[in-house]
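The values are calculated or read from the model by the stated rules, or taken from the named source; none is laboratory data. Just so it is clear, the structure is predicted and the values come from calculations on it, not from any experiment. Cβ placement follows ideal geometry from the backbone for every residue including glycine, while neighbour counts extend to all protein chains displayed. Side chains included, ligands, DNA and RNA excluded: accessible areas come from the protein's heavy atoms. Shrake-Rupley method; radii C 1.70, N 1.55, O 1.52, S 1.80 Å.
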Amino acid sequence: MSLVLVASISVLGVFFMFFANRYFQSDRLNTMDLCVDSAQNAFEDSLEYSRLLDAEMRRSRLRDNLRLISDTTSTIVILADENGKCIVCTENSMCGHEGMFVPDETMSTLAKYDTSVQLPETFDDIYAGTYYTVGRAARDANGNIIGYIFAFSDATSITVFSNALLSIFMVCAGVMLLISSAVSILVTGRLTTPLRNISEAAKKFSQGDFSARVKVEGDDEIAHLSYTFNQMASFVEKNEKSRSSFVANIAHELRTPMTSIKGFVDGIRDGTIPPRQQDKYLAVISDEVGRLARLTNSMLDISKLESGEFMMNVQNYNIWDTIAAVAFSFESRMERAEIQLIGFEPQKVMVYADKDIIHQVVYNIFDNALKFTPKGGYIAFSVTEEKATNSVMVKIKNSGQGISKEALPYIFDRFYKADASRSVHTRGAGIGLFISKTLVQRSGGDIYVESEEGQYTQFIFTLPSGKAKGRPKEKNTD
């Protein structure tokens with residue numbers, strides 16, 4: 001930043017000095033041009049008095065007038081006659097310029113123009129140094145040359161002016177550089193400190209500390225970056241916890257049935273289980289193998305969902321066909337648990353979705369409801385068409401203990417189980433509701449849950465309404 005400031009000030013200084021010198025030079029030349037005009041007027045006035053005054057008095061009067069002009073404009077005025085002989089010089093009486101001759105080349109140049117002409121800065125025949133020089137040929141009423149007028153200004157004055165201007169500029173630039181440096185340190189500090197904090201948090205993150213967060217201050221781009229980083233960190237931390245929980249849950253889910261299977265098989269082989277009870281324990285083994293198969297299928301479904309390989313075959317169909325099929329598949333379990341079915345009034349309500357996918361969603365929710373509905377409880381269905389949103393709303397409600405307010409926001413999270421003790425009512429790996437949410441959202445709907453502890457739990461999901469014709473083609477959601 002300091003280099004940028006120095007470079008900017010240097011470029012500014014070069015341009016400033018260049019244009020200032022140009023302005024000073026142009027101003028001096030304009031002044032000298034006015035000086036020549038005034039000197040010509042004075043020369044013409046002296047000619048008018050030529051009959052009244054003698055030559056010496058006329059020259060003295062002319063010299064006084066020219067010196068007044070010279071003093072006013074800070075220039076040296078020299079008047080030469082038509083032959084180029086200097087007859088008046090305003091520098092001083094001892095300068096020795098009077099009596100000198102103007103070069104023929106210079107007179108020839110001035111004779112070509114009726115206006116003032118800027119001459120070379122070196123006028124060796126008159127002045128040995130470097131001067132700005134402006135000359136003009138004085139003419140009478142008939143246009144005849146009656147003399148030559150010159151105005152000289154020392155060119156070293158611009159050097160003095162430039163040095164003074166440069167000194168002022170350097171002082172101002174130095175003060176500005178100090179102030180700018182202080183401001184830039186403060187500004188860059190405010191910019192880089194949050195970035196350093198994000199870098200430190202990212203470094204901790206890479207070392208496995210998923211609790212690292214960045215303090216969010218203000219409402220600028222850096223604050224937005226910090227907020228986004230914290231969101232990403234929370235998401236990664238949440239996934240890491242889910243992964244750890246998943247490993248523990250899957251290990252438990254696999255260990256329990258496999259231990260049971262091995263124990264029953266060993267008991268049958270070594271005779272611990274008598275032949276008359278083998279069919280009973282073989283049925284238990286079959287249930288445990290089915291449990292392992294369901295867990296494996298759920299894991300495959302998650303893999304397909306996350307990789308985008310889960311294909312959808314959307315169509316118009318009656319949602320009650322799916323609800324009825326699922327309800328009948330759980331009929332024996334409901335009878336054993338003495339669970340009452342409420343609101344089961346099938347009618348034609350068309351939806352536009354994948355029939356197999358929605359069957360899995362309803363199955364997962366119904367199976368979850370059966371797990372947590374106490375003996376003698378109820379499961380209620382409700383299907384309504386929402387014309388305002390062109391959708392169908394399905395509600396599955398069950399009586400029971402409900403879901404705690406603490407667990408409610410996480411109920412659809414992958415591998416989440418509200419009961420960490422993993423009692424008999426919490427069998428499964430906490431995958432079904434996650435799969436259901438993903439499938440409903442892929443179908444163009446939404447799903448959420450309502451619950452009141454000690455009273456009920458109700459899952460609600462929506463699907464696009466079905467139509468007989470004119471249904472738009474499915475968009476690729478993968």
I'd like the carbon and sulfur percentage of the solvent accessible area for the range 176-281, probe radius 1.4 Å, heavy atoms only, ligands and nucleic acids excluded.
60 percent
How large is ³J(HN,Hα) for each residue in the range 194-206, as worked out from phi by the Karplus curve 6.51 cos²θ - 1.76 cosθ + 1.60 (θ = phi - 60°), to whole Hz, x for Gly and Pro?
x, 5, 5, 5, 5, 5, 5, 5, 5, 5, 4, 4, 5
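Net charge within 12 Å of Q40 by Cβ-Cβ distance, Lys/Arg positive one each and Asp/Glu negative one each, not counting Q40 itself?
That sum, taken over residues with Cβ under 12 Å, equals -4.
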Not counting ligands, DNA or RNA, and with a 1.4 Å probe, what is E338's accessible surface area in Å² rounded to the nearest 10?
110 Å²
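With a sphere of radius 13 Å drawn around the Cβ of G343, what net charge do the other residues whose Cβ falls strictly inside it have (Lys, Arg +1; Asp, Glu -1)? Please list the in-between numbers first.
Details: positive: K395, K397; negative: E345.
So the environment of G343 carries a net charge of +1.
Using heavy-atom solvent-accessible surface (probe 1.4 Å) with all chains present, what is the largest-first order of H224, H97?
Working: H224 100, H97 15 Å².
Highest to lowest solvent-accessible surface, that is H224, H97.
So what's the net charge close to K395: Lys and Arg +1, Asp and Glu -1, counting the other residues with Cβ under 14 Å from its Cβ?
On the way: positive: K397; negative: E345, E385, E386, D446, E450.
Here the count lands on -4.
Take the residue pairs K348/K397; K238/K395; K238/K397; K395/K437; K371/K397 and return only those whose Cα atoms are more than 18 Å apart.
In this structure, K348/K397; K238/K395; K238/K397 exceed 18 Å between Cα atoms.
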Taking all protein chains together and a probe of 1.4 Å, list T192, T133, T72, T462 from the most accessible to the least accessible.
T72, T192, T462, T133
Taking the Cα-to-Cβ direction at Y448 and at A141 and moving 7 Å from each Cα, how far apart do the two end points lie in nm?
10.7 nm
At 1.4 Å probe size, with no ligands or nucleic acids counted, give the accessible surface of R196 in Å², nearest ten.
140 Å²
Computed lengthening from A388 to N83, 0.36 nm per intervening residue step minus Cα-Cα distance:
99.0 nm
I'd like the Karplus ³J(HN,Hα) series for the range 445-450: coefficients 6.51, -1.76, 1.60, θ = phi - 60°, whole numbers in Hz, and an x wherever there's a Gly or Pro.
x, 9, 9, 8, 10, 10
Could you please put I396, I69, I168 in sequence from largest to smallest accessible area, using a 1.4 Å probe?
I168, I69, I396
Could you pull the accessible area for C95 with a 1.4 Å probe, rounded to 10 Å²?
40 Å²
Of the range 352-369, those with amide N under 20 Å from the point 7 Å along the Cα→Cβ vector of Q315 are 352-363
Could you pull out every residue, at least 5 positions away or on a different chain, whose amide H is within less than 5 Å of the one on N316? Hs are placed 1.01 Å off N in the peptide plane, and Pro or chain starts have none.
none
With θ taken as phi - 60° and the coefficients 6.51, -1.76 and 1.60, list the Karplus ³J(HN,Hα) couplings across the range 312-317 in order, rounded to whole Hz; mark glycine and proline as x.
10, 10, 6, 7, 8, 7
